[in-house]
Amino acid sequence: MTARVLVVYTGGTLGMVPSAQGYVPATGLEDRIRSQLAGIAAVLPAYDLLELDRLIDSANLLPADWQQVGCVLQRHWADYDGFVVLHGTDTMAYTASALSYQLRGCNKPVILTGAQVPLGQPRNDAVDNLTSALILAADRRISEVCIGFRGRLLRGNRSRKVNSMAFEAFDSPNAPPLGRIGIGIDLYEDRLLPPGQPDFCTPDCDPEAVALITLFPGIPARLIDAALDSEQTRGLILQSYGVGNPPNADVAVMDALGNAIDRGVTVVNISQCHQGPVYQGAYATGAELNSLGVVPGHDLTPEAAFTKLHVLLGLDCPVDVIRETMSHPLAGDCTPIQAPGAQSS
Ligand code: ASP
């Protein structure tokens, strides 16, 4: 295998060590990896490892970290055939989504992985996930940002952490896997994105730019007002019920949303359901969001909707461009449904 892969280590369980307070990130991962993988080096691509200065438990992830990882990949893009990003599982889906929007026109594999049990611990999943990720990162058929975890290759911006304890920690509820890693490695090539022309953007994302609110019975309008209180907050991801329904009988709640949109906030509607899209108009409750100017986010995951809006706001796109872009697929992140009853042309 002649491919060369860059492994970027950001932190997370894979490289953690036990402490009196529980697992903590630890430096010096390269030596530990090389000794663990020494016996199977012949089947792996050549790789270099770059350890970030601030190794984190990914619960401490900030939007600035997406920019940092994106910039590292961009800086080394020409020097490697593929990339592995070692990341904590807690917020891996956010980073995978953010990278998919930063690395526009991606033409190489970027495989995020991590582990539920650290390298070197008994019964760990770290060696297996790392080995698979290295092999996948050298596969020229892949030209997109993916999560490779526990035998499955998933589109990064479709992925979610769905299990806090099981080795099968990730799923992509609204999109089928892109590949399976078993005895052999099967890629479903018809599902993979075609290679693009790199046109990367790694904007500075203001941590206050986007808020996320999950509706619940009796939600007070003042909670929405409070979330959008800062002038810096220019985007809201609204997780509504079912196919995108809000409590439209609550005039104050609807006014809070309408007023925000009128002053330039982009409000994107996604579903609280684990699977399925929003369709604003299936019910009169949801149809009201259309008249307010709420953008339907189709079947975007919360992580994809949140990071997509962050990246677009970070790029300072005009508000109409942001609203338009949020309602269309980008890097394979969503599937707009055709309105029931509409004729296909
Ligand atoms: N708390 C850890 C992290 O996200 C969990 C993990 O990596 O599995 O960094």
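What follows draws every value from the coordinates through simple rules; no lab data is involved. The structure presented is a predicted model; accordingly, all values stated were derived computationally and were not measured. Backbone-built Cβ (ideal geometry, glycine too); neighbour counts: all protein chains shown.
On full extension, the segment bounded by ALA166 and VAL251 gains 26.3 nm, given 0.36 nm per residue less the C-alpha separation.
Once the mean 1/r over all distinct Cα pairs of segment 210-326 is inverted, what Kirkwood radius in angstroms do you read off?
Numbers: mean 1/r = 0.0722 Å⁻¹.
After inverting the pairwise mean of 1/r, the radius is 13.9 Å.
The residues VAL43, VAL7, VAL243, when put in order of fewest to most other Cβ atoms within 10 Å, stand as VAL43, VAL243, VAL7.
With the simple model of a label 7 Å out from the Cα in the direction of the Cβ, LEU49 to HIS328 spans 4.3 nm.
What translational diffusion coefficient, to the nearest whole µm²/s, does segment 4-187 have by Stokes-Einstein, given a Kirkwood radius computed over alpha-carbon pairs, a temperature of 4 °C and 1.567 mPa s viscosity?
On the way: Rh = 16.0 Å.
Here the translational diffusion coefficient equals 81 µm²/s.
Distant-in-sequence amide contacts of VAL85, defined by a placed amide H-H separation under 5 Å and a gap of 5 or more residues or a different chain, comprise VAL8, ILE111, LEU112, THR113.
How do 232-238, 294-300, 317-323 rank on mean C-beta neighbours within 10 Å, highest first?
Numbers: 232-238: 21.4, 294-300: 26.0, 317-323: 14.4.
For the peptides 232-238, 294-300, 317-323, the packing ranking is 294-300, 232-238, 317-323.
By the count of other C-beta atoms within 10 Å, a proxy for reagent exposure, CYS334, CYS273 are ordered fewest to most as CYS273, CYS334.
Helix-only arithmetic for the chain: the sum of -39500 (n - 2.57) across DSSP H runs with n ≥ 4, divided by the residue total, places the mean residue ellipticity at 222 nm at -8000 deg cm²/dmol. Given all pairs of different Cα atoms, what value in angstroms does the Kirkwood hydrodynamic radius of the chain take? After inverting the mean inverse Cα-Cα distance, the result is 20.8 Å. Between the listed residues THR89, GLN272, LEU62, the Cα displaced farthest toward the positive end of the dipole of the chain, a dipole computed from Cβ unit charges relative to the Cα centre, is found at THR89. Segment 185-214 to segment 1-43: how many Å between their Cα centroids? Cα centroid of segment 185-214 versus Cα centroid of segment 1-43: 25 Å apart. Rounded to the nearest 20 Debye, what is the dipole magnitude of the chain about its Cα centre when Lys and Arg each give +1 and Asp and Glu each give -1 at the C-beta? Using only the charged Cβ atoms, the result is roughly 820 debye.
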